[in-house]
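The values are calculated or read from the model by the stated rules, or taken from the named source; none is laboratory data. Model, not experiment: these values are computed from the prediction. Methodologically, a virtual Cβ is constructed for each residue, glycine included, from the backbone with ideal geometry; neighbour enumeration extends over all protein chains shown.
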Amino acid sequence: MKRFLRRNAAGYVFLTPWFLGFFLLALGPILASLYLSFTRYDMIGAPRWDGLGNYEYMFTRDRRFWKALTVTFSYVALAVPARLIMALGVAMLLDKGLRSISFYRAIFYLPSLLGASIAIAILWRQLFELDGVVNDVLALFGIQGAAWISNPDTSLYTLVVLAMWQFGSPMLIFLAGLRGIPKDLYEAAEIDGTSKRRQFFRITMPLLAPVIFFNLVLQTIEAFKTFSSAFIISDGTGAPADSLLFYTVFLFNEAFKFFRMGYASALAWVLLLIIGFFTAITFLTSKYWVHYENERD
């Protein structure tokens, strides 16, 4: 216990504001939503106990629930790897010692700084409309564009591109990780005649694994929570043909459009369990591919 306190006391001291906020402000609403998930509640009358009714309806009769899961899982599977690959690629370019690196770092981070704002979502919708800027650029090369957002086959990919564009946050973390890799390892590899490709997989990836793990966890959670862009671009309905019916959009509509707050609370807890499951899987599998320099301590 003394060793544990000596190694972790400072961390818990810095976490004190979060603990105070959680227990004083967040814990009550969390427990209330758990109770409401077992009730029928329309925010007007008193909650009526329904047991597992919300969960039974969710898993056996609500087709839109399964559609929302399918859309969300598809988005996570596409957007998270695409954003991480984009972020790592740009970070490796910036790590080459470019001039005015601070300027490029700020420019690349700017889209992430703007976040999933309403203005960005509206701008993105205008870009990919039938008469949008993307089709205007394609027309210059004699290519006839499509209604990217209005087409159920392509609408989801426009949001994946948006996720790739906002790669600034993981890019900065990757750049910090790359700066921490000793340069003499690369110099020794070059002397041995090791190709750039083998250097990447034998030096960069293993030593960057903790950073990749950190980014993977954060970006997966954020992808599951995506809301603003999908809500604005689909006019809050998940259109076209529910191709943009993200889980969070579905949950929001159940709560504030149809006033089924009990059912929405059940949806929120299922989302929490899904995020917790994938986070746990990531942590459990990390021991096979993530190695830290101080593991011997």
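Can you list residue pairs whose Cβ atoms sit under 7 Å apart, with the first residue in the range 167-179 being assigned by TED's automatic domain parsing to the domain that holds GLN219 and crowded, with 23+ Cβ neighbours inside 10 Å and the second being β-branched (Val, Ile, Thr) and assigned to a helix (DSSP H, G or I)? Count only pairs 6 or more apart in sequence or on different chains.
That search, which allows pairs on different chains as well, returns PHE167/VAL90; MET171/VAL90; PHE174/VAL211.
If you go through the range 234-249, how many residues are among the hydrophobic types (A, V, I, L, M, F, W, C) and crowded, with 22+ Cβ neighbours inside 10 Å?
Residues flagged as among the hydrophobic types (A, V, I, L, M, F, W, C) and crowded, with 22+ Cβ neighbours inside 10 Å within the range 234-249 amount to 4.
How about the range 180-200: which of its residues are hydrophobic (A, V, I, L, M, F, W, C) and either part of a helix (DSSP H, G or I) or without any contact (Cβ under 8 Å) to a residue 24 or more places away in the chain (or both)?
Passing the criteria: LEU185, ALA188, ALA189, ILE191, PHE200.
Evaluate the following for THR70: is it touching a strand residue (DSSP E or B) at 6+ places or on another chain (Cβ under 7 Å) and either β-branched (Val, Ile, Thr) or not assigned by TED's automatic domain parsing to the domain that holds LEU156 (or both)?
Details: touching a strand residue (DSSP E or B) at 6+ places or on another chain (Cβ under 7 Å): no; either β-branched (Val, Ile, Thr) or not assigned by TED's automatic domain parsing to the domain that holds LEU156 (or both): yes.
In short, no.
Go through the range 209-244 and give me each residue that's in contact (Cβ under 8 Å) with a residue 60 or more places away in the chain, at negative phi and among the aliphatic types (A, V, I, L, M).
ALA209, ILE212, LEU216, VAL217, ALA223, ALA230, ILE232, ILE233, LEU244, listed by residue number.
Between a first residue in the range 256-274 that is more than 16 Å from TRP66 (Cα to Cα) and a second residue that is aliphatic (A, V, I, L, M), which pairs have beta carbons less than 7 Å apart while being 6 or more apart in sequence or on different chains?
Listed pairs, sorted by first residue: PHE259/MET43; MET261/LEU36; MET261/MET43; MET261/ALA255; GLY262/LEU36; SER265/LEU36.
Going by the structure shown, is ALA163 small (Gly, Ala, Ser) and under 26 Å from the mean Cα position of the chain (by Cα)?
So ALA163 passes the test.
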